[in-house]
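The values are calculated or read from the model by the stated rules, or taken from the named source; none is laboratory data. Predicted model, so just to flag it, every value in this text is computed and none were measured. Glycine gets a Cβ as well: all are built from the backbone with ideal geometry, and neighbour counts include every protein chain shown.
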Amino acid sequence: YALFTLWQQKAPFSSGDILLVIPLLPLAAAGFSLRFGKWHFYLRRLGCSLSVRESFVCHTIGFALSITPGRVGELAKCWLVRQATGIPASRSTPIVFLERLTEAVGLLALAVWAGLAWGESALNIGGGRWLALGLFLALAAGVPFKQTLGEWAVRAIASIEEGRPRSRWLLPMAGILRHLTEGARDLIDHRTLLGGVGLTLAARSLDGINLYLLVSALGGELSLSQALFAIAASSFLGGASLLPMGIGVVEVALIGVLLAAGVPAAIAAPAALLSRWLTVWTWVLVGLWLLGLRRERIFTPGIP
């Protein structure tokens, strides 16, 4: 895909372009560390005493396995937590869904703010503004909704465990459902929701700064608000596509926004692809490397 895009845009990489990535790696590492920070923060909220080092390994391997369709492979990090701590994977599974929710809200908020700062009201951000407002209201209502849902779930699980005829077929899943419910109840409150959105905003802002510096280094002109909008809008569309890491969708959206901002095609394509390498594929490779180091512990039964 990358080669096809570059061929279409007549913008081949030069060795100088690739070397631009090296000084930007610390900024990319800071952005990825903030994403990890959200995961570790949620683990602590569940009462998990996993060390920072082991937590980082679990998170990074899970991130690498997000290259699976629908990102279902990301749930593997819950299995890794189970191996390290004994906490059932179903108890930490709500973290993955909460990460995705706060990611979506944070990206929408960043896209709306950056779009307004850019002054491009014609970029169809009006609908996005109302969607972002709706998601923020959903976050505000999350805690009371959690109480109602939690009470209903407890009654439903009790009904299953009592072996009532209509729910008897769910009896083997009662333990998993209980752990899922307990994990969600322990996680969902205003602190975790707003903290997750704040960490998303910080991490994605660093990604936007990286894109801004890349375009500038390649000789293009781009404002910081345009760079932030490009990162937020393309990442949101990529996540909504359910494709592995949003591959194809994110790159096309990034290049499209850069072109709309007046960046020449010969700069927009390599800037978008280098940005993706910095913020995503570098860490996928790190995660796959860690997976290789841990393969015996992960795939051999009986090894904790």
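For segment 192-204, state whether one or more residues are under 12 Å from residue 114 (Cβ atoms) and assigned to a helix (DSSP H, G or I).
The answer is yes, given that some residue of segment 192-204 is under 12 Å from residue 114 (Cβ atoms) and assigned to a helix (DSSP H, G or I).
Might you let me know whether segment 99-108 holds any residue that is among the small types (Gly, Ala, Ser) and within 18 Å of the chain's Cα centre (by Cα)?
Looking for residues that are among the small types (Gly, Ala, Ser) and within 18 Å of the chain's Cα centre (by Cα), one finds at least one in segment 99-108, hence yes.
Given the residues 259, 274, which is the only one that is assigned to a helix (DSSP H, G or I), over 26 Å from residue 68 (Cβ atoms) and either in contact with a Lys or Arg (Cβ under 6 Å, 6 or more places away or on another chain) or among the hydrophobic types (A, V, I, L, M, F, W, C) (or both)?
After ruling out the rest, the residue left standing is 259.
For segment 58-94: of the residues being basic (Lys, Arg) and modelled with pLDDT of 85 or more, which is surrounded by the most Cβ atoms within 10 Å (Cβ to Cβ)?
77
Residues to consider are 112, 143; find the one that is modelled with pLDDT under 85, crowded, with 21+ Cβ neighbours inside 10 Å and touching a helix residue (DSSP H, G or I) at 6+ places or on another chain (Cβ under 9 Å).
Being modelled with pLDDT under 85, crowded, with 21+ Cβ neighbours inside 10 Å and touching a helix residue (DSSP H, G or I) at 6+ places or on another chain (Cβ under 9 Å) holds for just one of 112, 143, which is 112.
Within segment 245-264, can one find any residue that is in contact (Cβ under 8 Å) with a residue 24 or more places away in the chain, on the phi > 0 side of the Ramachandran plot and touching a helix residue (DSSP H, G or I) at 6+ places or on another chain (Cβ under 6 Å)?
Yes, segment 245-264 has at least one match.
Does residue 263 satisfy being at pLDDT 90 or above, among the β-branched types (Val, Ile, Thr) and within 24 Å of the chain's Cα centre (by Cα)?
no
Based on this model, can you work out whether residue 183 counts as in contact with a Lys or Arg (Cβ under 6 Å, 6 or more places away or on another chain), modelled with pLDDT under 85 and under 20 Å from residue 74 (Cα atoms)?
yes
Residues are listed down the side, and each one gets a yes or a no for (1) at pLDDT 90 or above; (2) buried (at least 24 other Cβ atoms within 10 Å of the Cβ); (3) touching a strand residue (DSSP E or B) at 6+ places or on another chain (Cβ under 8 Å); (4) closer than 27 Å to residue 77 by Cβ:
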{"site": "230", "(1), (2), (3), (4)": "yes, yes, no, no"}
{"site": "237", "(1), (2), (3), (4)": "no, no, no, yes"}
{"site": "243", "(1), (2), (3), (4)": "no, no, no, yes"}
{"site": "248", "(1), (2), (3), (4)": "no, no, no, yes"}
{"site": "286", "(1), (2), (3), (4)": "yes, no, no, yes"}
